[in-house]
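I have placed the structure first, in the form of structure tokens, so that the comments after it can refer back to it.
The values are calculated or read from the model by the stated rules, or taken from the named source; none is laboratory data. Model, not experiment: these values are computed from the prediction. With ideal geometry, Cβ positions are generated from the backbone for all residues, glycine too; neighbour counts draw on all protein chains shown.
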Amino acid sequence: MVVKNIDEWVRWLPTPDMKLPEDQFPNNGITPLKVDLGSQPLDRYAASQAAMSGNHWHEHMLRQVGSWVAKGNTDEEIKVLAAAQTLPGYTIEQTAVDVQKMIDGARSKGFDKQSNSSDPKSAPPPRQILTMIGDIEIKDPDYLVDGTIETPSLIGLIGPSGSGKTFVALDIAMSIATGTPYHSMEVKAGPVIMSAGEGHTGIPRRVQAWCAHHGQNITHANLALTSRAVNLFDEGYVSAFCKEVDTIAQTKGAPRLIIIDTVARHMGGLDENNAKDMGELIRTADKLKDDYQCAVMLVHHTGHAHPDRARGSTAFKGALDTEIIVSPLGDHDLTTKCEKQKDGTPFELRQFVKVSVEPSIILQQIEATKKVGTSLTDNERLTFDTFKEATNGNVASGSVSLQEWRPFFNKRHTGDNDKSKATAFLRARSALANKGLLTVKDDIYRLGDKAT
């Protein structure tokens, strides 16, 4: 596990313009590692996982060190990041000695100068600018959530106030953070970072409900939540935020998804209608995306007069790779619609019903019908809510008998006696059935067409 000197670095990690004869490399089946800063950015998460597998530890660590040096990290920061990848049987001090030699080699070969030149006019181009069209490798979209979110990418999750945007964001986030399929769609598991401008008390309750519904332990979820909105226009604030993300990455791996909720709360008092101000926010989001090679989700409001597009400057939509519109549907449902998918095929309209699960609610996908829900009286809403409880949250496909349902209603209704409760229950059940929200056969109740 020892790199004896800088010559080892030269042999293992030649720069892009360096050509060495094959006989200079040991005959061990490993080819020289080429870290080309102008090619596709290194997937640090994959490199970290590969290093910890113990297979060619140096190979994968050299790639990461070269990437960190090029990014501008200090020696001490790099050694802290590398410490988390100390193999069993070795000490952190031994890892630091090896990594320092890699750092020295990278700096002697100019990796830091390629990204941090103080004179951009005289510095050589950091990457090849032109490529012939026939030499470009055509790749299928790399999905973080199958058919939904690509990676790396910039995503806009947009909807009016109260539409359920944060519920949708958390549903996606928790699927990634726990490796749970997102409504039967495969995900790439990994850490998720959420900068929340509001709802710091409510979000943990929503996560707890999600874990209860999906059979997950909340202590095992790789989701990190900020205590306040990150000031994306303050370089020092963003730097401190990234250092905390890097600390998490030491043990959990690089983030797969970073969520900014909401754009308005992260504008730092600037004007979201101003293209320049919005451009500054987009540049910071792009930097997070590029530095961590992850997806960045910007949760944003729709305009008051335009419920089908993002509020503020049109520069926002122009910068997105994926745009998802969240729309309320009746009292209990919402839909998500892909308005923009830069490289892939936009997904079809999806519909979800809000299901009560203590201590909050979760989203359950149902067949999309686009039908507008029917307004309910207070008693009808209570009755419908107890129907959800009686089906154990499996409202989309579940059913419940009258005998099973009645105790749930009686427990929550404020009637003075059993007779008044029975009368209220009968009227509300009949109203829900007449409105098409429920169907009944032989005293077995199920969702009706208008409920879905």
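Below, the figures for the structure above:
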{"read-out": "Among (1) farther than 18 Å from ASP234 by Cα; (2) surrounded by fewer than 21 Cβ atoms within 10 Å (Cβ to Cβ); (3) basic (Lys, Arg), the one test that LYS287 misses", "value": "(1)"}
{"read-out": "Considering residues of the range 257-276 that are of a type in the set (D, E, K, R) and under 23 Å from GLY202 (Cα atoms) only, the residue surrounded by the fewest Cβ atoms within 10 Å (Cβ to Cβ)", "value": "ARG265"}
{"read-out": "Options GLY105, GLY54; residue that is of a type outside the set (Val, Ile, Thr) and part of a loop (DSSP other than H, G, I, E, B)", "value": "GLY54"}
{"read-out": "Selection count, the range 57-67, where residues are surrounded by 21 or more Cβ atoms within 10 Å (Cβ to Cβ) and either over 27 Å from the mean Cα position of the chain (by Cα) or not in a helix (DSSP H, G or I) (or both)", "value": "1"}
{"read-out": "Residue check for GLY147: closer than 26 Å to ASP291 by Cα, under 13 Å from the mean Cα position of the chain (by Cα) and assigned to a loop (DSSP other than H, G, I, E, B)", "value": "no"}
{"read-out": "Exclusive hit being modelled with pLDDT under 90 and out of contact with any Lys or Arg (no Cβ under 6 Å at 6 or more places or on another chain), set GLY279, GLY303, GLY318, GLY269", "value": "GLY269"}
{"read-out": "Residue that is modelled with the highest pLDDT, among those in the range 371-387 that are buried (at least 16 other Cβ atoms within 10 Å of the Cβ) and part of a loop (DSSP other than H, G, I, E, B)", "value": "LEU376"}
{"read-out": "Candidates THR86, THR151 - the one that is modelled with pLDDT of 80 or more, over 30 Å from ASP261 (Cβ atoms) and of a type in the set (S, T, N, Q)", "value": "THR86"}
{"read-out": "Among the residues listed as ALA83, ALA96, the single one being closer than 18 Å to LYS252 by Cβ, in the same structural domain as MET52 (by TED's automatic domain parsing) and either without any contact (Cβ under 8 Å) to a residue 24 or more places away in the chain or out of contact with any Asp or Glu (no Cβ under 6 Å at 6 or more places or on another chain) (or both)", "value": "ALA83"}
{"read-out": "Set ALA390, ALA310, ALA368, ALA315: member being within 30 Å of LYS71 (Cα to Cα) and either of a type outside the set (Val, Ile, Thr) or surrounded by fewer than 16 Cβ atoms within 10 Å (Cβ to Cβ) (or both)", "value": "ALA315"}
{"read-out": "Residue check for THR251: assigned to a helix (DSSP H, G or I), hydroxyl-bearing (Ser, Thr, Tyr), surrounded by fewer than 15 Cβ atoms within 10 Å (Cβ to Cβ) and touching a residue at least 40 places away in the same chain (Cβ under 8 Å)", "value": "yes"}
{"read-out": "When residues of the range 329-345 are limited to those that are under 29 Å from GLU380 (Cα atoms) and either over 22 Å from the mean Cα position of the chain (by Cα) or not in a strand (DSSP E or B) (or both), the one modelled with the lowest pLDDT", "value": "ASP331"}
{"read-out": "Qualifying position, being in contact with a strand residue (DSSP E or B) (Cβ under 9 Å, 6 or more places away or on another chain) and in the same structural domain as ILE172 (by TED's automatic domain parsing), among ALA249, ALA264, ALA240", "value": "ALA264"}
{"read-out": "Residues located in the range 191-205, provided they are outside any loop (DSSP other than H, G, I, E, B) and either closer than 30 Å to GLN49 by Cα or outside the structural domain of ASN222 (by TED's automatic domain parsing) (or both)", "value": "VAL192, ILE193, MET194, SER195, ALA196, ILE203, PRO204"}
{"read-out": "Test for GLY415: is it small (Gly, Ala, Ser), over 30 Å from TYR143 (Cβ atoms), over 37 Å from the mean Cα position of the chain (by Cα) and not in a helix (DSSP H, G or I)", "value": "yes"}
{"read-out": "Residue in the range 285-293 that is of a type in the set (A, V, I, L, M), in contact with a strand residue (DSSP E or B) (Cβ under 8 Å, 6 or more places away or on another chain) and touching a residue at least 24 places away in the same chain (Cβ under 8 Å) present", "value": "yes"}
{"read-out": "Cβ-Cβ under 7 Å pairs, at least 6 apart or on other chains, the range 296-311 side within 15 Å of LYS340 (Cβ to Cβ) and touching a residue at least 60 places away in the same chain (Cβ under 8 Å), far side assigned to a loop (DSSP other than H, G, I, E, B) and among the polar types (S, T, N, Q)", "value": "HIS300/THR262"}
{"read-out": "Matching entry among GLY197, GLY159, GLY164, GLY190 (being buried (at least 20 other Cβ atoms within 10 Å of the Cβ), in contact with a helix residue (DSSP H, G or I) (Cβ under 8 Å, 6 or more places away or on another chain), of a type outside the set (A, V, I, L, M, F, W, C) and closer than 28 Å to PRO328 by Cα)", "value": "GLY159"}
